[in-house]
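Derivation of every value follows stated rules applied to the coordinates shown; laboratory data play no part. Since we're looking at a predicted model, the values are computed, not measured. Note: ideal-geometry Cβ built from the backbone for every residue, glycine included; neighbour counts use all protein chains shown.
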Amino acid sequence: MSTSRAISLNRLRLSKHAGLTAPPDARAILKAVFGYAAFRGPQADIVDHVVSGGDCLVLMPTGGGKSVCYQIPALMRVGTGVVVSPLIALMQDQVAALLEAGVRAAFLNSTLSNADAAAVERALITGELDLVYVAPERLTTPRFMQLLGQLSNAGKLALFAIDEAHCVAQWGHDFRPEYIQLSILHERFPQVPRIALTATADQQTREEIITRLGLDGARTFIASFDRPNIRYRIVEKANAKAQLLAFLQAEHTHDAGIIYCLSRRKVEETAAWLAGEGFNALAYHAGMDSATRTRHQARFLREEGIIMVATIAFGMGIDKPDVRFVAHLDLPKSIEGYYQETGRAGRDGAPADAWMAYGLADVVNHRRMIEASEANDQFKRVAGAKLDALLGLCEATACRRVRLLGYFGEASGSCGNCDICLEPPDVWDGTLAAKKALSCAFRCGQRFGAGHLIDVLLGNETQRVIQWGHRELSTFGIGKEHEKKQWQAVYRQLVAQGLLTVDHAGYGALQLTEASRGVLTGGQTVHLRTAQEKRRTRSTSKSSSAATTLDGAAHERWERLRTWRAAIAKEHGVPAYVVFHDATLAELARECPSTVDALSRISGVGARKLERYGDDLLAVMRA
């Protein structure tokens, strides 16, 4: 099957390599290759800039379409685009999707045999590839640099794309030492445009990316960091497992999702527990053997309804669009980490949840890890400041999205789609409670954690309280007007507001800061949030959210399309979304196109897929 509306990739390649005709414009390629009618946000400007030979830094949220920003310029410029990618899974998924779209792409990584790697290198040298994906550690080897030199001398290097560019920043949340060496690209090949891309970088991280990659003269493009389809919810940690189970049973019983835990042991225990509760849960962490990790990751990508319980070793570069939730059972290290991890939900634009349970013990653990690290004092100060910013998000009394976007320098209004907007917390004058809490910490010598201090405030004659003589203190029993849970919330918020700090060397001891002086002397008012009650949850469809508006005949077509897509994906050995995204299937089911021309107008149906699958799709529509 063919269509007069489609632009031939062969024609495009002739124009690239032989200059026989003017190449199609970027928008025409977007439609012909990827099936989309228009660019989003700054994509068009970025593409034009890179096609013209300019360097740039692109900050765009996960799911915002970063890959198009270098894939289309690689198709338009002479030669092969070289994409630096840190993860095997990302390379394989990107290449599979490009091949489905008719783009000549390949990857070079450790999964290839020597013979297969040599075949890719030959294809690269002979100009048979539009894009090649390579890991940073391989790119900087003498052998690959020699290959790049050959291409450069022949004028066949289209561009360098450095994906997940925040990995170059030591202050970032996912520093990779091998990224530091990527400055060699500018030194060796100054005439080749470079595009560095990331979904998360505050101002400090942006500056470091520019410095370390030599992008001083590059243009910076910043798309909105907002992911309006994600609902942010942070709950006070009581019984975290029970809270998680209630969340999953109420809203995500059959959905794909990711659950992050801080330790490998907790990952394995949580995955086993969820499996026992009837969920299809798998574990993933760096301590597992590579074969098991690879198998679990493949199942997550290719099967529906899998929950991956993981450390942060899992996730970067995962391109699965229908992840309906990301949950945190432990506090991340920073807002960048939180944003990056929660951003793996809802890449298809359909509603998704970012849920987290958080408590003071999380803060104590992170403070201890920061101080116990072998990093220098400057790094520890930066890490501490990033943690403080995250605590501010957790204890916010106004829209979480406003605070989250504000961290990245983006102004916004209340979103109406976070827990605080939907159910605003009660705020009370906690000045007297703060004075009691601070005084108790001081009277106890600033040597004890919140649990002991609360026992003193409540007048609990525990063995430790008696042992340390704290029954005789003036603060013993002065806090009986509040329950233990309320005092836990008070201490947690005093830490978040910078009135107390956690002493890592004192096993979580709470110590007064200079800022607490104003409260104790009576000149400063303290407003606190009330302890949360159980929040209402919303029910969600047990099937993909893309189909929630379909009914009757359209829903029947949707189910037939999903069955057809699953068979094609299995035949090709790729995840189902590589064939077509859910959003494309939903549009097909809704519009029920009956001609080739009508099919070509469906978003996500490019020329190659129209030619390859058009007859099948029309048959499914008629069934």
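Table for the structure above
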read-out	value
In sequence order, calculated HN-Hα J values of the stretch 293-310 (Karplus, 6.51, -1.76, 1.60; Hz; x Gly/Pro)	4, 4, 5, 5, 5, 4, 5, 4, 6, 9, 9, 9, x, 7, 9, 9, 9, 8
Peptide ranges 561-572, 325-336 listed from the most packed, as the mean C-beta count within 10 angstrom indicates	325-336, 561-572
Rounded tilt (10° steps) of 203-213 against the dominant C-alpha axis of the chain	40
Separation of alpha-carbon centers, the stretch 412-456 and the stretch 141-164, rounded to whole Å	55
5 angstrom amide H check on Met356, placed H, neighbours 5+ away	Arg233, Ile234, Val235, His328
Relative contact order, percent, the stretch 428-529 [alpha-carbon distance under 8 Å, six or more residues apart]	39
Amide H contacts of Gly79 (H built 1.01 Å from N, under 5 Å, at least 5 apart or other chain)	none
24 Å Cα-Cα threshold exceeded, pairs from Lys266/Lys484; Lys241/Lys484; Lys320/Lys570	Lys266/Lys484
Contour excess over end-to-end distance, with Cα ends at Asp426 and Lys485 and 0.36 nm allotted per residue	19.7 nm
Per-residue Cβ neighbour rank within 10 angstrom, fewest leading, Lys485, Lys436	Lys485, Lys436
Ordering of 423-434, 148-159 by burial proxy (mean other Cβ atoms within 10 Å per residue, highest first)	148-159, 423-434
Difference of contour (0.36 nm per residue) and Cα-Cα distance, Gln463 to Thr211	85.1 nm
Simple spin-label estimate for Arg219 and Asp615 in nanometres, 7 Å along Cα-Cβ	4.5
Pairwise centroid distance, computed over Cα atoms, of the stretch 290-323 with the stretch 341-376, Å	18
Residue pairs, from the table Lys237/Lys380; Lys237/Lys333; Lys380/Lys436, whose Cα atoms sit over 28 Å apart	Lys380/Lys436
Relative contact order of the chain, pairs being alpha-carbon contacts under 8 Å that are 6 or more residues apart, as %	15
Residue exposure sequence - Asp388, Asp55 - by fewest surrounding Cβ within 10 Å	Asp388, Asp55
Burial order of peptide ranges 347-357, 302-312, 511-521 (average beta-carbon count within 10 Å, highest first)	347-357, 302-312, 511-521
Within straight-line cross-link reach of Lys435, lysines at Cα separation under 16 Å, skipping those fewer than 8 residues along the same chain	Lys480
The stretch 231-422 - convex hull of the alpha-carbon atoms, volume per residue in Å³	128
Theoretical gain in end-to-end length, Gln150 to Arg368 [0.36 nm per residue, Cα-Cα removed]	73.5 nm
Separation between Cα centres of the stretch 49-107 and the stretch 120-137, rounded to whole Å	13
Relative contact order, percent, the stretch 76-175 [alpha-carbon distance under 8 Å, six or more residues apart]	43
Evaluated at q = 0.13 Å⁻¹: base-10 log I(q)/I(0), Debye formula over Cα of the stretch 199-337	-0.66
Spread of Cα-to-Cα distances over 10 Å intervals beginning at zero, given as percent, for the stretch 39-222	10, 41, 39, 10, 0
FRET efficiency estimate (nearest 0.05) - Cβ-Cβ, Ala298 to Glu277, R0 30 angstrom	0.80
Convex hull volume of the chain per residue (C-alpha atoms, cubic angstrom)	162
